[in-house]
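Since the structure comes first, as structure tokens, the remarks are kept for the end.
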Amino acid sequence: MDPSLSRELLCKQAAALTVVMVSFVTTRLKRKRFDPEVEPDPLVYVLREQSELHRQRTLNMIYNSTDVECISMLRMKRAPFFALCTTFRERGLVTDREGVSVEEQVAMFLHVVGHNQRFRVVHQAFRRSIQTVHKHFHQVLYAVGELRKELIKAPSPTTHPKITGSYRWNPYLKDCIGAIDGTHVLARVPRHMQQAFRGRKTNPTQNVMVAVDFDLKFTYVLAGWEGSAHDALILADAIERDDGFTVPQGKFYLVDAGYACRTGFLPPFRGVRYHLSEFGSRNRPTNARELFNLRHSSLRVTVERAIGALKNRFRILDNKPFHKYKTQVKLVLACSILHNWILGFGIDEIVPDEEGFTGTQQDPLDDNGSQSQESSAMAAKRDAICNVMWEGRGSSRI
């Protein structure tokens, strides 16, 4: 045989043998990695077992213990927590997947929003990868959002028992269906947007408008506006939207002095004592307008109690967030939805007691031209309520 042909044949055989060996080694490596029959490294097995034990102990301590522990960690009692998980599971909004139960997914989400924890902290507490925490957080966030229409609903047009049961408000404010206020939530935005998000606060915020009924439940939430936006402007935007914010004919909301006195919205008298802290047993109202403002404030404080409960329960709304702004807006809505869900099971210790609650002293506000938008009919109605209230005050009633 020709020596050159012999060398060529040997080279081909060597190349074929190399391909076979590489293929064999690759296959063995894949089998070792993915074949369930191949025993993993003993150390890896021990670490996985320890993580699972730690996770189960953590979960049992959180929601299989007491309501006190559950509120401390998840910001709600066991009954609303398990009912929420059951609702998600039955509707297919959150499913048990990849060894992570619905309860664990919801617990991770509540741990983030309740304590403003970063994903890396939840990763350590629950022994899950950051990618797993991120995925399930957004899945639960979506699931909560799906409950919006059934949990954030317009208030009943009938007079609330809170009003009918009090001489201070009945019959003067019998047409009131709730209260409206704006609240600032700390925001994280790009540097070039921060100026627009700085209003009265030092840090960037989003200005959120909320409407609350006298059961302390949110009946409307509009999030996403810049912190520099005026409350009256956000209310005007809410009225123009097609998402269901309307005021029934003849009814009205209580608003603060930053809003105009217009049909459907009743503010206090400007330049007159208003906040509960300005009155007392030795500092009673001296005229009709002061009495009206005092009773207006004592009823409108409901919205401040609801906002206080919301921020006390979900610390992510009262601290600088770690999420994109679009997610921050969704979180305001989600926390409001969860607030209403929790109140469906009764008031807990996170909600401020009405007795002794004087509300928050507001900063002086520019009316932003709101006085020029005032309705003479609504102003006349306010004057009429004020005068009747003063005439029927009695000798010792405030």
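Against the conditions (1) hydroxyl-bearing (Ser, Thr, Tyr); (2) without any contact (Cβ under 8 Å) to a residue 12 or more places away in the chain; (3) part of a strand (DSSP E or B), where does THR158 fall short? Just the number, please.
Going through the list (1) hydroxyl-bearing (Ser, Thr, Tyr); (2) without any contact (Cβ under 8 Å) to a residue 12 or more places away in the chain; (3) part of a strand (DSSP E or B), THR158 breaks only (3).
Within the group ASN319, ASN293, ASN287, which residue is surrounded by fewer than 16 Cβ atoms within 10 Å (Cβ to Cβ) and either under 30 Å from ALA384 (Cα atoms) or hydrophobic (A, V, I, L, M, F, W, C) (or both)?
Numbers: ASN319 fails: either under 30 Å from ALA384 (Cα atoms) or hydrophobic (A, V, I, L, M, F, W, C) (or both); ASN293 fails: surrounded by fewer than 16 Cβ atoms within 10 Å (Cβ to Cβ).
Of ASN319, ASN293, ASN287, the one residue that is surrounded by fewer than 16 Cβ atoms within 10 Å (Cβ to Cβ) and either under 30 Å from ALA384 (Cα atoms) or hydrophobic (A, V, I, L, M, F, W, C) (or both) is ASN287.
Is there a residue in segment 171-186 that is free of Cβ contacts under 8 Å to residues at least 60 places away in the same chain and over 27 Å from ASN116 (Cβ atoms)?
yes
Take GLN105 and tell me if it is assigned to a helix (DSSP H, G or I), within 21 Å of ASN64 (Cα to Cα) and of a type in the set (S, T, N, Q). Talk me through it step by step, then tell me what you get.
Details: assigned to a helix (DSSP H, G or I): yes; within 21 Å of ASN64 (Cα to Cα): yes; of a type in the set (S, T, N, Q): yes.
Yes: the conditions hold for GLN105.
Per-residue answers, yes or no, for (1) part of a helix (DSSP H, G or I); (2) not small (Gly, Ala, Ser):
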site	(1), (2)
ALA125	yes, no
HIS138	yes, yes
VAL144	yes, yes
LEU173	no, yes
VAL185	no, yes
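Might you let me know whether segment 200-214 holds any residue that is closer than 30 Å to GLU150 by Cα, surrounded by fewer than 22 Cβ atoms within 10 Å (Cβ to Cβ), assigned by TED's automatic domain parsing to the domain that holds ILE337 and basic (Lys, Arg)?
No; the residues of segment 200-214 include none that is closer than 30 Å to GLU150 by Cα, surrounded by fewer than 22 Cβ atoms within 10 Å (Cβ to Cβ), assigned by TED's automatic domain parsing to the domain that holds ILE337 and basic (Lys, Arg).
Which residue pairs have Cβ atoms closer than 6 Å, lie 6 or more positions apart in sequence or on different chains, and pair a first residue in segment 113-134 that is under 24 Å from ASN312 (Cα atoms) and at pLDDT 90 or above with a second residue that is crowded, with 18+ Cβ neighbours inside 10 Å and of a type in the set (D, E, K, R)?
GLY114/ARG75
Scan segment 100-111 and give yes if some residue there is modelled with pLDDT of 90 or more, more than 17 Å from the chain's Cα centre (by Cα) and among the small types (Gly, Ala, Ser), otherwise no.
We begin by selecting, within segment 100-111, every residue modelled with pLDDT of 90 or more; these are 100-111.
With more than 17 Å from the chain's Cα centre (by Cα) added as a condition, the list becomes 100-105.
Checking which are among the small types (Gly, Ala, Ser) leaves us with 101.
Yes, segment 100-111 has at least one match.
So if I check each of ALA260, ALA232, ALA179, which one is touching a Ser or Thr at 6+ places or on another chain (Cβ under 7 Å) and within 25 Å of TRP341 (Cα to Cα)? Steps first, please.
On the way: ALA260 fails: within 25 Å of TRP341 (Cα to Cα); ALA232 fails: within 25 Å of TRP341 (Cα to Cα).
Step by step, each of ALA260, ALA232, ALA179 is checked, and only ALA179 is touching a Ser or Thr at 6+ places or on another chain (Cβ under 7 Å) and within 25 Å of TRP341 (Cα to Cα).
Take the residues of segment 227-261 that are within 21 Å of the chain's Cα centre (by Cα) and aliphatic (A, V, I, L, M): which is nearest to ASN293 (Cα to Cα)?
Going through the qualifying residues, I end up with LEU235.
The values are calculated or read from the model by the stated rules, or taken from the named source; none is laboratory data. In this text, all values refer to a predicted model and were calculated from it rather than measured experimentally. Here the Cβ is made from the backbone with ideal geometry for all residues, glycine too, and neighbour counts use every protein chain on show.
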